[in-house]
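Asks: One structure, as structure tokens, below. Some questions next.
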Amino acid sequence: MPKIEVVERILSANDQLAAENRVRLDAAGVVAINIMASPGAGKTSLILQTIEALRGRLRVGVIEGDIASSVDADKVAQAGVPVVQINTGGQCHLDAPMVARGLDALPLADMDVVFVENVGNLVCPSGFQLGQRWDVVVNSVPEGDDKPLKYPGIFTEADVVLINKIDLQPYLDYDEAAFRQAVRALNADAPIFSMSCKTGTGLAEWTDWVVAVVEKGQDV
Ligand code: MG
Ligand code: ZN
């Protein structure tokens, strides 16, 4: 079954390089946080709001993954933090070689945390290790509360789950309790924070989590 062997080789090569990325990040004292979500859930808005909230507390860098364009990296650059855009050229997830090239372009010695915005997709990003220490999945109110039922893999592996755009709750049939219950059925431990990146509601719970895990650093 040669096809399966090829896939296994690709995955193990990726895992090997992800481990090297992790060693490099640990040596520089940088914690990598992988942000995964559907397109439009608010990954870039989350990163922009988090940069503002952490200003003066943590030194932030960003790797932006997109199939094409530098729209998101341009927004992050305006916030005045180091950022590198990775265009995957059609691939629907980031992989460890791409992140290695991103790390090459960032001033790791001047950073405490790097947010890696994965390609918008709830399927395969969770299958490719990058060297991250933490996995975050963002769900948003307009997407609906059924995503954990449809995409169980990514919610099972999440370290934190965020519910974004809660300011839209009054206008939509989003059942937050049902969403939380569906996540909990897959994942016993991940904290679930609800927030609005537009209004700032609930953001502090998330940024306090980031500060706590970065301060714990390599001890966790
Ligand atoms: Mg984005
Ligand atoms: Zn993919």
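Rule-based calculations on the coordinates, nothing more; no lab input. Being a predicted model, the structure only gives us computed values, none of them experimental. Backbone-built Cβ (ideal geometry, glycine too); neighbour counts: all protein chains shown.
Asks: Taking the Cβ of residue 119 as the centre, find all other residues whose Cβ is under 12 Å away and add up their charges (Lys, Arg: +1; Asp, Glu: -1).
Replies: -4
Asks: Work from the charge dipole of the chain (Cβ charges, +1 for Lys and Arg, -1 for Asp and Glu, about the Cα centre) and give the residue of 122, 178, 98 farthest towards its positive end.
Replies: The residue sitting farthest along the positive end of the dipole is 98.
Asks: Less than 12 Å Cβ to Cβ from residue 73, Lys/Arg counted +1 and Asp/Glu -1: what total charge do the surrounding residues give?
Replies: Summing Lys/Arg as +1 and Asp/Glu as -1 gives -4.
Asks: Next question, about the same structure. Taking θ = phi - 60°, what integer Hz values does the Karplus form 6.51 cos²θ - 1.76 cosθ + 1.60 yield along the range 166-172, in sequence order, with x for Gly and Pro?
Replies: Per residue, the Karplus-derived 3J(HN,Hα) values read 5, 5, 8, 3, x, 9, 10 Hz.
Asks: Can you run phi through the Karplus equation (6.51, -1.76, 1.60; θ = phi - 60°) for the range 135-152 and list ³J(HN,Hα) in whole Hz, with x for Gly and Pro?
Replies: 10, 10, 10, 9, 10, 10, 3, x, 6, x, 8, 9, 4, x, 6, 7, 10, x
Asks: Also: Roughly how big is the chain's charge dipole about its Cα centre, with Cβ charges of +1 (Lys, Arg) and -1 (Asp, Glu), in debye to the nearest 20? Show your work: numbers first, answer last.
Replies: Values: 18 positive and 30 negative charges, 35 e Å.
Dipole of the chain, to the nearest 20 debye: 160 debye.
Asks: Something else: Testing the spin-label approximation: label points 7 Å from Cα along Cα→Cβ at residue 157 and residue 180. State their distance in nm.
Replies: The modelled label-to-label distance comes out at 2.7 nm.
Asks: Work out the FRET efficiency for residue 215 and residue 79 from their Cβ-Cβ distance, taking R0 = 25 Å, and round it to the nearest 0.05.
Replies: E(calc), rounded to 0.05, equals 0.70.
Asks: Ok, one more. Go through 62-74, 18-30 and give me the packing order, highest mean Cβ count within 10 Å leading.
Replies: Ranking, from highest mean packing down: 62-74, 18-30.
Asks: Determine the calculated [θ] at 222 nm for the chain from helices alone, applying -39500 (n - 2.57) to every DSSP H run no shorter than 4 residues and normalising by the residue count; nearest 500 deg cm²/dmol.
Replies: Working: 8 runs with 91 residues, N = 220.
Theoretical 222 nm ellipticity from helices: -12500 deg cm²/dmol.
Asks: With +1 on each Lys and Arg Cβ and -1 on each Asp and Glu Cβ, and nothing else charged, work out how big the dipole of the range 1-128 is about its Cα centre, in Debye to the nearest 20. Could the numbers behind the result be given before it?
Replies: Working: 10 positive and 15 negative charges, 33 e Å.
Roughly 160 debye, rounded to the nearest 20.
Asks: Using alpha carbons only, how many angstrom separate the centre of the range 172-213 from the centre of the range 67-121?
Replies: Using only Cα atoms to place each centre, the spacing works out to 24 Å.
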